[in-house]
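S.K.: Take a look at this one; I'll ask things after.
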Amino acid sequence: MIRIDGLTKEYGSIRALDNVSFEVRPGEVLGLIGPNGSGKTTLFECVGGVLPFDAGTVSAPAEQVFYLPDTIAPWPHQRVGWALRFAEGYFGAPAGLRQHVIEALALEPLLDQRVGQLSKGQRKRALLAIGLLTARPVLLADEPFDGLDLKQTREVAAALRAFADAGRTLVLSIHQISDAARVCDRFVLLSGGTVRGAGSLTDVIAQASARSGQPVAGLEEAFLALT
């Protein structure tokens, strides 16, 4: 569905992305994994059409991709229910999807609250609901679990997994490796603006074991070995 080839972005003398290449397959959850400052947000902004890049190509047309930034709080004086109804109408969501999203993300208690008064975790769930109400097949979500406690993280991960199983393609930027391992089908490991490993969990473990010369167990050890 999306192919990124040789994507490069520079800020003066700083190369934030260096020849980044990977693919996103239809109906999968792809985890873009890396620490803060690794280039994840810059990559999302380039793929989502927010930021121009200096070299490389992105195969997906902008109308196929919806980019959901991490820290925005749209319509702060409006209530969550209003925001979801607006998104439903503006993006032409199918009948019944809004209620399904509300239930999946446990938003019923928040519908009468104003967006600007939500906690970080509550706002994150509301924003994910808006993203899921768009008609675009690919959702790029920057740090979808930030601000959520362990129980909420597991519930939101299960909801996102269910939407992917129903055909939605999700690309999630995640810095907590345990969260990524819980929900993603494949991974792109990013460090210093370059791809250090990519593929399924089995793939990246094999890449890490080959790099380190000894057996590696789990995504966290694989990431440490490759970066």
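The values are calculated or read from the model by the stated rules, or taken from the named source; none is laboratory data. Predicted model only: the values in this text are computed from it and were never measured. As a convention, Cβ positions derive from the backbone with ideal geometry for all residues, glycine included, and neighbour counts pool all protein chains shown.
S.K.: For the subset of the stretch 174-185 comprising residues that are in contact (Cβ under 8 Å) with a residue 40 or more places away in the chain and surrounded by 23 or more Cβ atoms within 10 Å (Cβ to Cβ), which member is farthest from residue 4 (Cα to Cα)?
M.R.: By that ranking, first place goes to 180.
S.K.: Please go through the stretch 47-67 and pick out each residue that is surrounded by 13 or more Cβ atoms within 10 Å (Cβ to Cβ) and of a type in the set (D, E, K, R).
M.R.: Listed by number, the list holds a single entry, 54.
S.K.: Based on what the data block shows, is residue 66 among the hydrophobic types (A, V, I, L, M, F, W, C), assigned to a loop (DSSP other than H, G, I, E, B) and touching a Leu at 6+ places or on another chain (Cβ under 6 Å)? Break it down into steps so the answer makes sense when it comes.
M.R.: Numbers: among the hydrophobic types (A, V, I, L, M, F, W, C): yes; assigned to a loop (DSSP other than H, G, I, E, B): no; touching a Leu at 6+ places or on another chain (Cβ under 6 Å): yes.
Considered against the rule, which asks whether it is among the hydrophobic types (A, V, I, L, M, F, W, C), assigned to a loop (DSSP other than H, G, I, E, B) and touching a Leu at 6+ places or on another chain (Cβ under 6 Å), residue 66 comes out as no.
S.K.: In the stretch 191-222, how many residues are touching a helix residue (DSSP H, G or I) at 6+ places or on another chain (Cβ under 6 Å) and surrounded by 20 or more Cβ atoms within 10 Å (Cβ to Cβ)?
M.R.: 8
S.K.: Give just the number: which of (1) surrounded by 13 or more Cβ atoms within 10 Å (Cβ to Cβ); (2) without any contact (Cβ under 8 Å) to a residue 60 or more places away in the chain; (3) among the charged types (D, E, K, R) does residue 70 not satisfy?
M.R.: Of (1) surrounded by 13 or more Cβ atoms within 10 Å (Cβ to Cβ); (2) without any contact (Cβ under 8 Å) to a residue 60 or more places away in the chain; (3) among the charged types (D, E, K, R), only one is false for residue 70: (2).
S.K.: Mind checking which pairs have a first residue in the stretch 9-26 that is outside any loop (DSSP other than H, G, I, E, B) and basic (Lys, Arg) and a second that is modelled with pLDDT of 95 or more and surrounded by fewer than 14 Cβ atoms within 10 Å (Cβ to Cβ), Cβ under 8 Å, 6 or more apart or different chains?
M.R.: Once the first residue is outside any loop (DSSP other than H, G, I, E, B) and basic (Lys, Arg) and sits in the stretch 9-26, its partners that are modelled with pLDDT of 95 or more and surrounded by fewer than 14 Cβ atoms within 10 Å (Cβ to Cβ) give 9/54.
S.K.: Additional query: Residues in the stretch 74-92: is at least one part of a helix (DSSP H, G or I), touching a helix residue (DSSP H, G or I) at 6+ places or on another chain (Cβ under 9 Å), at pLDDT 95 or above and within 23 Å of residue 180 (Cβ to Cβ)?
M.R.: No; the residues of the stretch 74-92 include none that is part of a helix (DSSP H, G or I), touching a helix residue (DSSP H, G or I) at 6+ places or on another chain (Cβ under 9 Å), at pLDDT 95 or above and within 23 Å of residue 180 (Cβ to Cβ).
S.K.: Would you pick out the residues in the stretch 132-147 that are of a type outside the set (Val, Ile, Thr) and either at positive phi or crowded, with 21+ Cβ neighbours inside 10 Å (or both)? Please lay out each step first, then the result.
M.R.: Quick first cut of the stretch 132-147, residues of a type outside the set (Val, Ile, Thr) only: 132-133, 135-137, 139-147.
Listed by number, the residues that qualify are 132, 133, 139, 140, 141, 142, 143, 144, 145, 147.
S.K.: If you don't mind, there's one more thing I want to ask. May I ask you to say which residue of 154, 186, 211 is over 30 Å from residue 107 (Cβ atoms) and either modelled with pLDDT of 95 or more or not hydrophobic (A, V, I, L, M, F, W, C) (or both)?
M.R.: Values: 154 fails: over 30 Å from residue 107 (Cβ atoms); 186 fails: over 30 Å from residue 107 (Cβ atoms).
From the options 154, 186, 211, the qualifying one is 211.
S.K.: Checking the conditions here, which among 100, 175 is touching a strand residue (DSSP E or B) at 6+ places or on another chain (Cβ under 9 Å) and not hydrophobic (A, V, I, L, M, F, W, C)? Explain how you work it out, then say what you get.
M.R.: Details: 100 fails: touching a strand residue (DSSP E or B) at 6+ places or on another chain (Cβ under 9 Å).
Result of the check over 100, 175: 175.
S.K.: In the stretch 186-226, what residues are free of Cβ contacts under 8 Å to residues at least 60 places away in the same chain, among the aliphatic types (A, V, I, L, M) and not in a helix (DSSP H, G or I)?
M.R.: Selection gives 216, 217.
S.K.: A follow-up question, please. Taking the stretch 194-223 as the region of interest, how many residues are within 17 Å of residue 171 (Cα to Cα), in contact with a Leu (Cβ under 9 Å, 6 or more places away or on another chain) and among the small types (Gly, Ala, Ser)?
M.R.: Total satisfying the criteria: 2.
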